[in-house]
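Below is one structure, written out as structure tokens, with a few remarks after it.
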Amino acid sequence: NGDMVSHFTTEDQLFKGFMDTSIKLFAAEKPMYYVRGNHETRRTFAPNFHRYFSQAEPNLYFTVRRGPVFFVMLDTGEDKPDTDLEYGGITDYDHYRDVQAEWLKEVLASEAYRTAPYKVVVGHIPPGNDWHGDCEVEQKFMSLLRQAAPDLMLCGHLHEYIHHKATADTPFPIIVNSNAAVLKITADGNRMEVVATDT
């Protein structure tokens, strides 16, 4: 769920940093899906990200069904404003999230989403009101998600474990996973269980 590198400058960062180990541990036999974090949007190799992790989709946001679970994978983009000095006016993540919100609206209305036993939304930046990126997630995605009521939302970004329980306002739990923990989710026809394991 993003931020596997601090910034992208070379292909070696992918393979020596984590992909070689992932392949040895599981990815040679099990599907691996990668949701981009804000750090993967940075530096000279960032435009190549889609060549490795786009799932042959036209966008870096996509859906996938694994067993009884329908996953909605969001690309929450950069957490800084497009006007930030770091980008010099060459990014347009605000508009990118506008376009993605229209796509999300169609996904959440689809039969594939509605009829799945479990629905899980994955997006790097959690919703909030503290900084540009989390405000954008709150404003552009959360009203749609609150209406569609998935079973769970998984986020990262904050480098700490936080479990927001479902409320009357947000009728599904949001788990923000730590960068030093793993979530294991199992699901069958009767139950979906999430276990967090730290170091």
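Worth a mention:
- Residue that is surrounded by the most Cβ atoms within 10 Å (Cβ to Cβ), among those in the stretch 44-75 that are more than 20 Å from D151 (Cβ to Cβ) and among the hydrophobic types (A, V, I, L, M, F, W, C): L60
- Per the conditions (1) of a type outside the set (D, E); (2) without any contact (Cβ under 8 Å) to a residue 60 or more places away in the chain; (3) in contact with a strand residue (DSSP E or B) (Cβ under 9 Å, 6 or more places away or on another chain), the sole criterion not satisfied by W131 is (3).
- Filter result for E78 (charged (D, E, K, R), surrounded by fewer than 16 Cβ atoms within 10 Å (Cβ to Cβ) and part of a loop (DSSP other than H, G, I, E, B)): no
- Qualifying residue in the stretch 106-127 (condition: under 28 Å from S6 (Cβ atoms), more than 16 Å from the chain's Cα centre (by Cα) and surrounded by fewer than 16 Cβ atoms within 10 Å (Cβ to Cβ)): no
- For the residues T63, T83, T91, T76, the requirement of being touching a helix residue (DSSP H, G or I) at 6+ places or on another chain (Cβ under 9 Å) and at pLDDT below 95 singles out T91.
- Hits in the stretch 33-53 - residues which are over 13 Å from the mean Cα position of the chain (by Cα) and assigned to a loop (DSSP other than H, G, I, E, B): R42, R43, T44, F45
The values are calculated or read from the model by the stated rules, or taken from the named source; none is laboratory data. Worth saying up front: this structure is predicted, and the values here are computed from it rather than measured. Methodologically, a virtual Cβ is constructed for each residue, glycine included, from the backbone with ideal geometry; neighbour enumeration extends over all protein chains shown.
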